[in-house]
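Colleague: First, the structure itself, so that you have it in front of you.
The values are calculated or read from the model by the stated rules, or taken from the named source; none is laboratory data. Since we're looking at a predicted model, the values are computed, not measured. All Cβ positions, glycine included, derive from the backbone under ideal geometry; neighbour counts span all protein chains shown.
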Amino acid sequence: MNRKIPYIILGILAVALVSCSKQKPQAKPVPRKAQDTAPKEVLEEFDSPDLGLWQLTGPVSGASYYAYETKDTTALVHAGDDCDFDSLTFNREGLVTSMVNGIVEKGKKLVYSDLRFEYTPEGEFRSGREAAEGGKGLVVKLSRTGGGYLQVLQVLGPDKELSADQSYYRLIEWANGILAADNFETPGGNTRTKYHYNPEGLPDQVIARTEDMGGDIVATDTYTYQAFDKYGNWTQRRAVSVVEDTESEPDGTNRKTTKKTVYRLEKRYIYYYPPRTDGDAKPDTPPRR
């Protein structure tokens, strides 16, 4: 039987998560083309490195992502179908305030991780916590590059080590303001994910290699984009994932590789803050997730 990639790593393969800064990225992807039917209006200029891991633009208050496994590249999905999900929320300055992931099974959500972040009035990271059941005692830390991009995200056990089932160490690499690679270390193994982009600045291929005592798994995802919103953020895409699972003894002998192809339909629901108004200094209402 093939081994399964841990869910928290699968979430990384499908979508990226967070980074935090008030500064603008040093470089931006080529703007995507919104749907021709999108209303013509003046859109607020807004960008934040926090949005870069999901390739988002605009004053995003929150975004939810759902990945449905399908039988081929044309199959449709229905309300209530089982799927994986991730969601992010942001404050008005574009700083991430929560990261949630889990599954939907028989119409019910099962949350695996629910990270919450707090900041000082100046936008500096103050504290983080794991709000999901079973997360009590975990230590949440993050640090950034000089340009404001998230570089390290840690979720550690009470001893501040990779000692809990949910603990991990994540190192993120950027190239000219664009997500290049994501390194993910857990007590059970390590995953390195590399991102390749099309001319429009969207990931067209993502390759993730997971290594543990039982061997390694290489997943190569290729994406086709189908729908965008008025900000040019994609809202639906298809994924073809080729997974090569190599099992072996701890000493590297008796290696056996199996290969399979998985198809997914992926959807995003993106919510935006209303336009800013002069003199509006009231705290923003947290977006719904």
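Colleague: Kindly provide the set of residues from region 64-107 that are closer than 30 Å to Pro121 by Cβ, assigned to a strand (DSSP E or B) and in contact with a Phe, Trp or Tyr (Cβ under 6 Å, 6 or more places away or on another chain), ordered by number.
Modeller: Ser64, Asp86, Val96, Thr97, Asn101
Colleague: Among residues belonging to region 185-195 that are over 22 Å from Ser163 (Cα atoms) and touching a Leu at 6+ places or on another chain (Cβ under 7 Å), point out the one that is surrounded by the most Cβ atoms within 10 Å (Cβ to Cβ).
Modeller: Among residues in region 185-195 that are over 22 Å from Ser163 (Cα atoms) and touching a Leu at 6+ places or on another chain (Cβ under 7 Å), the one surrounded by the most Cβ atoms within 10 Å (Cβ to Cβ) is Thr193.
Colleague: What are the pairs, 6+ residues apart or on separate chains, where a residue within region 161-176 that is under 12 Å from Gly188 (Cα atoms) and of a type in the set (Asp, Glu) has its Cβ under 9 Å from a residue that is crowded, with 17+ Cβ neighbours inside 10 Å and modelled with pLDDT of 90 or more?
Modeller: Cβ pairs passing all conditions: Asp165/Thr186.
Colleague: Moving to a separate point now. For region 183-237, how many residues meet the condition of being acidic (Asp, Glu) and at pLDDT below 95?
Modeller: Let us first name the residues in region 183-237 that are acidic (Asp, Glu), namely 185, 200, 204, 211-212, 216, 221, 229.
Going one step further and asking which of them are at pLDDT below 95, we end up with 200, 211-212, 216.
Of the residues in region 183-237, 4 are acidic (Asp, Glu) and at pLDDT below 95.
Colleague: So Ser127 clears everything in (1) in contact with a Leu (Cβ under 8 Å, 6 or more places away or on another chain); (2) surrounded by fewer than 17 Cβ atoms within 10 Å (Cβ to Cβ); (3) in a strand (DSSP E or B) except one condition, right? Which one?
Modeller: Of (1) in contact with a Leu (Cβ under 8 Å, 6 or more places away or on another chain); (2) surrounded by fewer than 17 Cβ atoms within 10 Å (Cβ to Cβ); (3) in a strand (DSSP E or B), only one is false for Ser127: (1).
Colleague: Name every residue in region 196-225 that is touching a residue at least 24 places away in the same chain (Cβ under 8 Å), under 20 Å from Tyr169 (Cβ atoms) and either buried (at least 19 other Cβ atoms within 10 Å of the Cβ) or among the basic types (Lys, Arg) (or both), in order of residue number.
Modeller: Selection gives Ala208, Thr210, Asp216, Ile217.
Colleague: Kindly indicate the residue of region 158-184 that is of a type in the set (Asp, Glu) and within 15 Å of Val206 (Cβ to Cβ) and also surrounded by the most Cβ atoms within 10 Å (Cβ to Cβ) among those meeting that condition.
Modeller: Among those that are of a type in the set (Asp, Glu) and within 15 Å of Val206 (Cβ to Cβ), it is Asp182.
Colleague: In the list Lys260, Lys267, which residue meets the criterion of being closer than 27 Å to Pro59 by Cα and either in a strand (DSSP E or B) or not charged (D, E, K, R) (or both)?
Modeller: Lys267
Colleague: Another question about this same structure. If I ask for residues that are outside any strand (DSSP E or B) and aliphatic (A, V, I, L, M), which ones from region 134-155 would you list?
Modeller: Leu138
Colleague: Would you list the strands (runs of 3 or more DSSP E) that sit entirely within region 166-249 and hold 2 or more residues that are of a type in the set (Gly, Ala, Ser) and more than 23 Å from Val60 (Cβ to Cβ)? Please lay out each step first, then the result.
Modeller: Values: elements: 168-175, 178-186, 189-197, 203-212, 215-228, 234-247.
In region 166-249, 215-228 are the strands (runs of 3 or more DSSP E) which contain 2 or more residues that are of a type in the set (Gly, Ala, Ser) and more than 23 Å from Val60 (Cβ to Cβ).
Colleague: I've got another one for you. Quick check on region 47-58: of everything there that is assigned to a loop (DSSP other than H, G, I, E, B) and under 11 Å from Leu95 (Cα atoms), which residue is modelled with the highest pLDDT?
Modeller: Step by step, filter region 47-58, then rank; the result is Ser48.
Colleague: If I go through region 112-124 residue by residue, how many of them are surrounded by fewer than 15 Cβ atoms within 10 Å (Cβ to Cβ) and in contact with a strand residue (DSSP E or B) (Cβ under 8 Å, 6 or more places away or on another chain)?
Modeller: The initial filter retains those residues of region 112-124 that are surrounded by fewer than 15 Cβ atoms within 10 Å (Cβ to Cβ), namely 118, 120-122, 124.
Filter once more, so that each one left must be in contact with a strand residue (DSSP E or B) (Cβ under 8 Å, 6 or more places away or on another chain): 118, 120.
Result for region 112-124: 2.
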